[in-house]
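The structure appears right after this line, and notes come after that.
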Amino acid sequence: MSQTLSIATDLGPSQGLTRYLREVNEASILTAEEEKSLAQRYHDDDDLEAARQLVFSHLRFVVSIARGFSGYGLPLADLIQEGNVGLMKAVKRFDHQRDIRLVSFAVHWIKAEIYDYVVRNWRMVKVATTKAQRKLFFNLRKNRARLGVMKEDEVESMATALDVNPKIVREMETRMSGHDVAFEPEANDDETPRFLAPAEALGDSSRDPGVLVSQADEQRSRQAQLSKALASLDDRSRDIIQARWLAELGGKSTLGDLGAKYGVSAERIRQIEKRAMEQMRVTAAV
């Protein structure tokens with residue numbers, strides 16, 4: 001059903017929130033008889049057009065409920081979209097034989113989807129993970145806006161009213177008092193003080209004893225392999241490799257320099273060098 005109704009509930013850039021709000025507010029409100037007739041067509045005949053009409057005629061109520069959650073700093077369009085999902089779930093489960101209007105039945109489903117969205121997206125890190133914490137999330141936020149920081153007797157009172165442990169109330173209040181912080185420090189060209197970013201509080205592992213020992217062991221192993229490989233060469237090949245690759249920066253010899261030293265061409269030195277390198281790789285691998 002959600003795929004069929006996607007056009008009616010689209011809040012993307014192609015339609016725009018303003019146009020969407022105007023269209024849903026202009027939708028006609030169904031009478032009780034029309035509502036029951038459409039619900040019967042959907043459930044008895046699997047008539048998706050009837051379901052679409054039920055959803056479209058109630059989208060204005062979703063907008064009204066979603067506006068009540070605007071204080072959480074989340075986009076209204078996203079809140080409406082989540083509420084629409086709840087409305088479609090309500091239409092799917094609505095029993096037309098009961099003496100109740102769809103809007104009364106759908107309120108629970110609409111709010112449930114918006115509640116879940118707010119908890120999942122209010123912070124980068126979830127503040128409420130258990131059922132008790134989710135219940136506390138919305139109640140605490142209302143009380144904090146009204147009273148500020150809660151006193152101990154207020155904590156006890158809320159814990160009793162919601163049937164939860166006072167420790168959970170205090171823990172949730174602490175979580176909600178925090179705020180998201182960038183992991184890496186933000187650019188700050190002026191003298192304005194800023195909070196210490198978590199990345200700045202991490203220790204420098206470059207001087208860690210374990211890291212230093214590991215690096216020293218690796219260096220000794222490489223040096224031993226190199227010495228073993230050089231020892232397998234004849235004197236001329238060893239001298240060419242050392243002059244070409246192991247001399248200090250600025251003191252390395254060219255192929256021409258070594259050719260003049262041994263009375264051969266530069267090409268011959270290149271061939272000796274290539275063969276020596278291959279022999280060193282074989283020896284180091286053994």
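Note on the range 210-285: Kirkwood radius taken over Cα pairs, Stokes-Einstein applied at 25 °C and 0.890 mPa s, translational D equal to 181 µm² s⁻¹. Rounded to two decimals, the Cα-based Rg/Rh of the range 17-121, with Kirkwood Rh, is 0.99. Applying a threshold of 21 Å to the alpha-carbon distances of Lys89/Lys111; Lys36/Lys89; Lys36/Lys92; Lys111/Lys167 flags Lys111/Lys167 as lying beyond it.
Only Cα pairs under 8 Å and at least 6 apart count here; give the relative contact order of the range 213-286 as a rounded whole percent.
For the range 213-286, the relative contact order is 39 percent.
In this Cβ point-charge picture (+1 for Lys and Arg, -1 for Asp and Glu), the range 11-101 has a dipole of about 380 debye about its Cα centre.
Under the convention that each Lys and Arg Cβ holds +1 and each Asp and Glu Cβ holds -1, the size of the dipole of the range 210-285 around its Cα centre is about 160 debye. With the simple spin-label model, which puts each label point 7 Å out from Cα in the Cβ direction, the Asp78 to Asn25 separation comes to 2.5 nm. Measuring between their Cα centroids, the range 35-107 and the range 233-286 lie 82 Å from each other.
Based on C-alpha pairs under 8 angstrom that are at least 6 apart in sequence, the range 17-121 has a relative contact order of 27 percent.
In order along the range 19-33, the Karplus-derived 3J(HN,Hα) couplings, from 6.51 cos²θ - 1.76 cosθ + 1.60 at θ = phi - 60°, round to 5, 4, 4, 5, 5, 6, 6, 8, 5, 6, 8, 7, 7, 4, 5 Hz, and Gly and Pro are given as x. Using the Karplus relation 6.51 cos²θ - 1.76 cosθ + 1.60 with θ = phi - 60°, the per-residue 3J(HN,Hα) values for the range 276-286 come to 5, 5, 5, 5, 5, 5, 5, 5, 5, 7, 6 Hz, with x marking Gly and Pro.
Ranked from highest to lowest mean number of other Cβ atoms within 10 Å per residue, what is the order of the peptides 69-82, 91-104?
On the way: 69-82: 16.6, 91-104: 14.2.
The packing order, highest mean first, is 69-82, 91-104.
Taken one residue at a time, the phi angles of the range 71-87 give Karplus couplings (6.51, -1.76, 1.60, θ = phi - 60°) of x, 8, x, 9, x, 4, 4, 5, 4, 5, 4, 5, x, 5, 4, x, 4 Hz. Gly and Pro are set to x.
Any read-out appearing in this document is the output of simple, stated calculations on the displayed coordinates, not a laboratory observation. In this text, all values refer to a predicted model and were calculated from it rather than measured experimentally. For neighbour counting, all protein chains shown are included, and Cβ atoms are generated from backbone atoms with ideal geometry for every residue, glycine included.
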